[in-house]
Amino acid sequence: MTDPAEGGADLEPSSPDDTTAEPAGPTAWGVPVTEAFGQMVLHPPVDRWFETVAACRDDGYVMAIDLTAVDYSAHPGRTDLPEGVRPERFEVVASLLSHATGGRVRLRTQVPESDPEVASLFDLYPGTEAMEREAWDLLGVSFSGHPDHTRILMPEDWEGHPLRRDVSMGRIPVQFRDAPPAR
Amino acid sequence: MSDVAEQATSPMGPGRTDLGPSERVYRRDDTSAVLRLSEAEAAVLAGSPDDPPTGDIADQRMILNMGPSHPSTHGVLRLMLEMEGEAILRSKPVIGYLHTGMEKTAEDLTYLQGPTNVTRMDYAAPLFSELAFSMAVEQLLGVEVPPRATWIRMLMCELNRVSSHLLFQATNGMDLGAVSMMIYGWREREEVLRFFEEVTGLRMNHNYIRPGGVAADLHDGWQADVRRLLELIPPRLDEYDKLLTGQPIFRGRLQGVGVITPAEALALSATGPILRSTGYAWDLRRDQPYLAYDEVEFDVIVGTHGDSFDRYAIRQNEIRESLRIVEQILDLMPAGDYRVQDKKVTPPPRARIDESMEALIHHFKIFTEGFHVPQGETYAAVESPRGELGCYLVSDGGPKPYRMHIRGPSFVNLQTLPHLMEGGLIADGVAVISSVDPIMGEVDR
């Protein structure tokens, strides 16, 4: 897996309110990078989500293979985040694929519960349209700039986001015919 | 109530000014092929069936609802079509009618129960979902699957690709009016499913590929059964060629219908036969080999024009390539364990439980609590008959996945539908849906 921006040499001078201006560990495309089972994982801050994905696309990652979100509110504590990345309740995960190198890169951004909004990748990869709608529908992470920000799997008038961890698993009470009434 | 002047200038003609955001439909100011309307808006625009448009307005653009219960929508796909006469302008697939929250269910099932859940997603190619899930779990666990299990998985998956593409041939023929093809495709698929039943116990929803290996070894005499399939299916494929491939009516229905360019397919994240039909050779089996695909020889089939006929021909020839792989597997199948001998992951054989206290404990722990998987997150991808099938798995260290997400190729490929159908006729729309080959169980999950 080639890494054209190893070492963070092309790190942009970031805005003063950017709290993660100087990542401690290794970086790629100016954001912290880790490795999980041989797969490269980038951790861009949420306000640099779009530009990091755009930089990856410019470097040959032609396809957005997958985009989803995770609700980490019930997680006992993550250990796979690099130094300087503060865990938040939601995480948006995108997988990009480069056909030239056959390399994959996964981007994970932390999205706070108070403002669950991420820039839509629709302008970069139109194929993320349905995936972002799904992430909004099931986890309630909204995507600014999305052309059709509606539910996709749940009914349009549904309230809530079922894949959030505070939504309990549905149960249908089992009723046996001719069973004696519950005592 | 609107006034008379507004009624006269209404694009829908007098008397139909209560249609809300009708300008959004009638003014095609954006060049997109996707009809980005909510269902409620579309319902208003479509009007009530008791009040069909008549006279001049009947010739104008209209919103037509197709599905979810329609014989050629492959299950419960619903399409909102913006029509002008017989021509489709913009469209939007409306999905979710089969949504059963399988990703939520997965959070309540142990890793050993997981395949029973994911196998019900793509019910025409269930082994691929099991494989992607199992590969993700094995990555997190850090276990290496024994060679025989790897090769059994390959054998089963390639035969599953054959049965899935045969199902496509059957339904594609049915959608185009070649009803004999439907019977033939189903007949041959049943032969493959019979082999699956012999091996896994079930025709579909096998729960055969599990984390750590496969559920059971191949039965005695499996080679003869596979050889029988290898002798049976190729002549039948030649029959299909005679029946369909060279037939002028069939070609007329498919050639030049639903054309997509490589750039469009890449932008829309389309994979599998849709991407390959544009001439773009991308197949995970060759380009990112998993299992032991780098040890067998096969060709990646690509098309030229990106139309429905290419997608038909690609699947037809992929059956031949899969059979070629199966033939090599017959010779290369190694002996040995069919699942990893890790006591914490693999349930002990039944006979051991009577003899060994530890075996009983392990058995009890695996089937009640389940085995614990170290913290982490990973993504594993396989080439299913419909494209890249990926499993994104997050573990919190417990016996159940913290989050399991399946990247369903049907779900993503469905986005190409509006682009394939734009400007075509509604009858071609049926051919296009068929050539995308969506499985709604995987789309809705």
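Quick notes on this one:
- Filtered residues of the range A:65-124 (kept if touching a Gly at 6+ places or on another chain (Cβ under 6 Å) and hydroxyl-bearing (Ser, Thr, Tyr)): A:Ser98, A:Ser120
- For the range A:123-150, the set of residues classified as among the aliphatic types (A, V, I, L, M) and within 15 Å of the chain's Cα centre (by Cα) consists of A:Ala130, A:Met131, A:Ala135, A:Leu138, A:Leu139, A:Val141, listed by residue number.
Condition check ((1) buried (at least 22 other Cβ atoms within 10 Å of the Cβ); (2) at pLDDT 90 or above) across all residues:
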{"position": "B:His70", "(1), (2)": "no, no"}
{"position": "B:Arg78", "(1), (2)": "no, no"}
{"position": "B:Arg120", "(1), (2)": "no, yes"}
{"position": "B:Glu130", "(1), (2)": "yes, yes"}
{"position": "B:Val137", "(1), (2)": "yes, yes"}
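- Residues satisfying the stated conditions in the range B:352-376, i.e. free of Cβ contacts under 8 Å to residues at least 60 places away in the same chain and either exposed (fewer than 13 other Cβ atoms within 10 Å of the Cβ) or within 24 Å of B:Leu127 (Cα to Cα) (or both): B:Asp354, B:Glu355, B:Met357, B:Glu358, B:Phe364, B:Thr368, B:His372
- Scan of the range B:77-102 for residues that are part of a loop (DSSP other than H, G, I, E, B) and more than 12 Å from every other protein chain (Cβ to nearest Cβ), ordered by number: B:Leu77, B:Gly85, B:Glu86
Rundown of residues vs (1) modelled with pLDDT under 85; (2) farther than 24 Å from B:Glu388 by Cβ; (3) of a type in the set (Val, Ile, Thr), yes/no style:
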residue	(1), (2), (3)
A:Val70	no, no, yes
A:Arg78	yes, yes, no
A:Glu91	no, no, no
A:Ser120	no, no, no
A:Glu129	no, no, no
A:Glu134	no, no, no
A:Ser142	no, yes, no
A:Pro173	yes, yes, no
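- Checking each residue in the range A:81-122 for being in a loop (DSSP other than H, G, I, E, B), within 15 Å of the chain's Cα centre (by Cα) and within 11 Å of chain B (Cβ to nearest Cβ) picks out A:Leu81, A:Leu121, A:Phe122.
- Qualifying residue in the range A:129-144 (condition: away from every other protein chain (no Cβ under 11 Å), more than 26 Å from B:Ala381 (Cα to Cα) and exposed (fewer than 15 other Cβ atoms within 10 Å of the Cβ)): yes
- Test result for B:Pro399, touching a Gly at 6+ places or on another chain (Cβ under 6 Å), at negative phi and within 14 Å of chain A (Cβ to nearest Cβ): yes
- Look at the range A:132-150: where a residue is touching a residue at least 12 places away in the same chain (Cβ under 8 Å) and a partner is surrounded by 16 or more Cβ atoms within 10 Å (Cβ to Cβ) and in a helix (DSSP H, G or I), sitting 6+ places away or on another chain with Cβ atoms under 6 Å, you get A:Val141/A:Ala135; A:Ser142/A:Trp136; A:Phe143/A:Glu132; A:His146/A:Glu132.
- Residues satisfying the stated conditions in the range B:369-423, i.e. among the β-branched types (Val, Ile, Thr) and in a loop (DSSP other than H, G, I, E, B): B:Val373
- Listed by position, the helices (runs of 4 or more DSSP H) enclosed by the range B:190-277 that each have at least 2 residues that are in contact (Cβ under 8 Å) with a residue 24 or more places away in the chain and under 29 Å from B:Met333 (Cβ atoms) are B:222-240, B:273-276.
- Criterion: β-branched (Val, Ile, Thr) and either free of Cβ contacts under 8 Å to residues at least 60 places away in the same chain or within 14 Å of another protein chain (Cβ to nearest Cβ) (or both) - qualifying residue of B:Thr119, B:Thr105, B:Thr110, B:Thr150: B:Thr105
- When the range A:59-80 is filtered for residues that are more than 9 Å from chain B (Cβ to nearest Cβ) and out of contact with any strand residue (DSSP E or B) (no Cβ under 8 Å at 6 or more places or on another chain), the ones remaining, listed by number, are A:Asp59, A:Gly60, A:Ser73.
- The set of residues from the range B:301-351 being exposed (fewer than 14 other Cβ atoms within 10 Å of the Cβ) and polar (S, T, N, Q) comprises B:Thr304, B:Gln341.
- Test result for B:Val143, among the β-branched types (Val, Ile, Thr) and in contact with a helix residue (DSSP H, G or I) (Cβ under 6 Å, 6 or more places away or on another chain): no
The values are calculated or read from the model by the stated rules, or taken from the named source; none is laboratory data. Just so we're clear, the structure is a prediction, and the values are computed from it rather than from any experiment. All Cβ positions, even for glycine, are placed from backbone atoms using ideal geometry, and neighbour counts span all protein chains on display.
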